[in-house]
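Written below as C-alpha cells is the structure these notes are about.
Computed from the coordinates by the stated procedures, all read-outs in this text should not be read as laboratory data. Since we're looking at a predicted model, the values are computed, not measured. Cβ coordinates were reconstructed from backbone atoms using ideal geometry, including for glycine residues, and neighbour counts include every protein chain displayed.
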Ligand SMILES: Cc1ncc(COP(=O)(O)O)c(C=O)c1O
C-alpha cells in the first residue's frame, strides 16, 4: 500500500485510501486544529478499546507519559521502577523531573521479571522507611514515593495481575506503558487497562498510527480532565487566557485523530495479518523466536540467535538485501546516560540484546517480501 520503494521496513505505516479520505474529511470540516469531533470520537473509541472510562489523545506516547508524571507530581523524591528492556521514552519524562530510576531485568518472555520487581520494591520500602526515621531536619520532608511503569514489550503484555498486586502490597503507584501493545490483551483484559492509567503510542512504526500521536487511558475522571487541560497549556475556562498553572502543548490534532479513526477500523485486520507474519516466521525460520504472550498483538516478531556473531551475520544479510531489521532494545542499564542507576539482575536482558533481532513485521508484508526475507534467513 504505502510502501512503493524496494526497501522493506521493520514496521512501516499501513495507510491508504481510507486514511486519506478521513484526513481530507477532517480538513474539509474546518477542524484543522487540536480539537474537533474526530478527536472526541477517537477518544471514545480508544477508551472502549482499552476497557477504560476515559481517553486523552495527545501528540505522542512520550507526551502521554509526561502528562502522567506531571499529574502524579513526580520529582526528585520519587523512585521510578521500570524494566530495563524498553525504549528510553518509558523513563525519559521521569528522568527529566529528577526522579531516581531503578531498572529490572526481563524474564524469559522479555517482559519485566516479577520476582526481581518484588525484591526491588522490598528493598526500596525498607530504604524509604529508614530515610523517614532518620530525617532529623525538623522540616516536614516529602515522603518518598515509588512508581512502577509496566511495559508491554513488542506487543506482549506484562503480568498485569502480579505487578498490580505487588504495587498494592508495597504502596507503589502502577501505570502501564502499552505504547507497543494497542489491541493486545492480558488474560482477557485490554493492553493499558491495568493500574492507574495506561499509555498508547501511535507513532509511524506502531501497529496503529496517526503518523505521530499517543493517548492516556484511565478510569480516573480527575486525572483525565487534568491531563486534557495540561495538554492545552492549562488554560482556564474563561474568555481571556487565564492560567493558574503552567501546562503543555501536547493535544492531538483533529486531522491526525481522523487518521487514527480509520486505523482503528482496520485494527482487526491488522492484528490478523501481524499474527500471520509471526506464523510465517515460526514456520520458515529455523531458530528460536521470542514466544509471544497469549493475547499478543505481534507488533514485532523477534528472533533469538545462538550468539552475537549469528545476530550480526543476520543483520548484515538483511542490510545487504535492503531490509530493515534491528537488535532488540539495548537495556537501559547499559545506556551511558543511566550508568549510575541501580539495576536488579540484568543478564537476561543483556543476552536478549546480544542475540535478539526484531524481524520485519509490517502489516503490508506481501509474498514477494517474504521471499526476500526467506533468502536472508536461510
Ligand atoms: C515502550 C515505548 N514507550 C514509549 C514510546 C514513546 O512513544 P512515542 O514515540 O509516540 O512518543 C514508545 C515508542 O516509540 C515505546 O516503544
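Treat the count of other C-beta atoms within 10 Å as a stand-in for reagent exposure and order 152, 40 from fewest to most.
Exposure proxy ranking, most exposed first: 40, 152.
With the Cα gyration tensor of segment 98-216 giving a ≥ b ≥ c as the square roots of its eigenvalues, does the rule (a/c under 1.5 for rounded; else a/b larger than b/c for prolate; else oblate) give rounded, prolate or oblate?
Since a/c reaches 1.5 and a/b is larger than b/c, the shape of segment 98-216 is classed as prolate.
For segment 231-285, place one equal point scatterer on every Cα, skip the solvent, and apply the Debye formula. What is log10 of I(q)/I(0) at q = 0.20 Å⁻¹?
Calculated log10 I(q)/I(0) at the listed q: -0.81.
How would segment 17-260 be classified by its alpha-carbon gyration tensor: rounded, prolate or oblate, with rounded meaning a/c under 1.5 and the a/b versus b/c comparison settling the rest?
In terms of gyration-tensor shape, oblate.
Treat the count of other C-beta atoms within 10 Å as a stand-in for reagent exposure and order 291, 253 from fewest to most.
291, 253
When the Cα centres of segment 316-367 and segment 288-306 are compared, how far apart do they sit, in Å?
12
As a test, work out the antiparallel percent of DSSP beta bridges whose residues both lie in segment 137-289, rounded to the nearest 5.
Details: 9 of 17 bridges.
Percentage antiparallel, nearest 5: 55.
Tell me, what is the Rg over Rh of segment 269-347, with Rh the Kirkwood radius over Cα pairs?
With Rg and the Kirkwood Rh in hand, the quotient comes to 1.03.
When only alpha-carbon atoms are used, what values of Rg and Dmax, in angstrom, describe segment 266-315?
12.4, 39
Looking at the chain, what % of its DSSP beta bridges pair antiparallel, to the nearest 5?
Here the share of antiparallel DSSP bridges comes out near 55 percent.
Please report the relative contact order for segment 229-283, taking Cα pairs under 8 Å with a sequence separation of at least 6, and give it as a percent rounded to a whole number.
Dividing the mean separation by the residue count of segment 229-283 yields 25 percent.
Could you work out the helix-only [θ] at 222 nm for the chain, with each DSSP H run of four or more residues adding -39,500 (n - 2.57) and the total divided by the number of residues, to the nearest 500 deg cm²/dmol?
Roughly -12500 deg cm²/dmol at 222 nm, from the helical runs in the chain.
Using only alpha carbon pairs under 8 Å that are at least six residues apart, calculate the relative contact order of segment 56-197 and give it in whole percent.
21
Once both labels are modelled 7 Å past Cα along the beta-carbon direction, what's the residue 220-residue 115 spacing in nm?
Distance between the two pseudo-spin positions: 3.2 nm.
Quick one: compute the contact order of the chain, relative version, from alpha carbon pairs under 8 angstrom and 6+ residues apart, as a percent.
Across the chain, relative contact order equals 25 percent.
How would segment 37-105 be classified by its alpha-carbon gyration tensor: rounded, prolate or oblate, with rounded meaning a/c under 1.5 and the a/b versus b/c comparison settling the rest?
Prolate, because a/c is 1.5 or more and a/b exceeds b/c.
Among 132, 115, 60, 201, what is the fewest-to-most ranking by other Cβ atoms within 10 Å?
With the sparsest Cβ surroundings first, the list reads 132, 115, 60, 201.
Pop the C-beta distance of residue 291 and residue 375 into the FRET formula with R0 = 25 Å and round what comes out to the nearest 0.05. Write out the running numbers ahead of the final one.
Values: r = 25 Å, r/R0 = 1.01.
That gives a FRET efficiency of 0.50.
If you find the alpha carbon centre of segment 217-247 and of segment 69-126, how far apart are they in angstrom?
If you average the Cα positions of each part, the centres end up 27 Å apart.
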